[in-house]
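Engineer: Here it is: the structure, laid out below.
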Amino acid sequence: MPKVVFVEHSGKAHTVEGAAGQSLMQVAVDHMIPGIIADCGGSASCGTCHGYVQEPWNSQLAPADDTEQSMLDGVLYGEANSRLTCQIRLSEELDGIEVRLPKSQI
């Protein structure tokens with residue numbers, strides 16, 4: 001099973017496993033990762049699963065579509081590598097992906 005490293009804003013890292021095909025948001029929720037609220041349940045309509053995808057994985061992802069980009073435009077603490085974790089599907093190619101979390105998911 002592919003591993004995901006979620007890093008809280010404080011620097012505390014959580015390395016967890018998820019199934020290929022699961023969204024990164026669902027992996028975080030399944031493992032009760034602090035900082036991923038996931039209010040909309042994965043429909044890209046709230047932005048509360050926002051995270052910063054680190055390299056080299058960020059450049060391997062397809063660009064955010066218009067819906068995701070619209071939500072990212074309104075998140076707090078947005079950065080160039082901001083993504084909605086509900087829109088990223090885990091795969092073997094993303095094994096070890098690191099997602100840093102913002103200081104707030106309001």
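Engineer: Tell me, please, whether a residue that is at pLDDT below 95, of a type outside the set (D, E, K, R), in contact with a strand residue (DSSP E or B) (Cβ under 9 Å, 6 or more places away or on another chain) and on the phi > 0 side of the Ramachandran plot can be found in the stretch 20-32.
Structural biologist: Residues of the stretch 20-32 that are at pLDDT below 95, as a first pass: none.
For the stretch 20-32, residues at pLDDT below 95, of a type outside the set (D, E, K, R), in contact with a strand residue (DSSP E or B) (Cβ under 9 Å, 6 or more places away or on another chain) and on the phi > 0 side of the Ramachandran plot: absent.
Engineer: I need the full set of residues from the stretch 10-23 which are surrounded by 14 or more Cβ atoms within 10 Å (Cβ to Cβ) and either within 18 Å of Val75 (Cα to Cα) or touching a Phe, Trp or Tyr at 6+ places or on another chain (Cβ under 8 Å) (or both), in order please.
Structural biologist: His14, Val16
Engineer: Now a separate question. Only one of (1) hydrophobic (A, V, I, L, M, F, W, C); (2) under 14 Å from the mean Cα position of the chain (by Cα); (3) on the phi < 0 side of the Ramachandran plot is not met by Ala38, so which one is it?
Structural biologist: (3) is the only condition that Ala38 fails.
Engineer: Just one of the numbered conditions (1) crowded, with 19+ Cβ neighbours inside 10 Å; (2) closer than 15 Å to Phe6 by Cα; (3) hydrophobic (A, V, I, L, M, F, W, C) is not true of Ile37; which one?
Structural biologist: Just one mismatch for Ile37, condition (1).
Engineer: What are the residue pairs meeting all of these: first residue in the stretch 52-68, first residue free of Cβ contacts under 8 Å to residues at least 40 places away in the same chain, second residue surrounded by fewer than 17 Cβ atoms within 10 Å (Cβ to Cβ) and not in a helix (DSSP H, G or I), Cβ atoms under 6 Å, and 6 or more apart or on different chains?
Structural biologist: Asn58/Asn81
Engineer: Of all residues in the stretch 48-77, which are under 13 Å from the mean Cα position of the chain (by Cα), in a loop (DSSP other than H, G, I, E, B) and small (Gly, Ala, Ser)?
Structural biologist: Passing the criteria: only Ala64.
Engineer: Taking the condition surrounded by fewer than 19 Cβ atoms within 10 Å (Cβ to Cβ) and free of Cβ contacts under 8 Å to residues at least 60 places away in the same chain, does Gly47 pass?
Structural biologist: Values: surrounded by fewer than 19 Cβ atoms within 10 Å (Cβ to Cβ): no; free of Cβ contacts under 8 Å to residues at least 60 places away in the same chain: yes.
No; evaluated as a whole, the condition is false for this residue.
The values are calculated or read from the model by the stated rules, or taken from the named source; none is laboratory data. This one's a predicted model, so the numbers in the text were calculated from it and none came from an experiment. All Cβ positions, glycine included, derive from the backbone under ideal geometry; neighbour counts span all protein chains shown.
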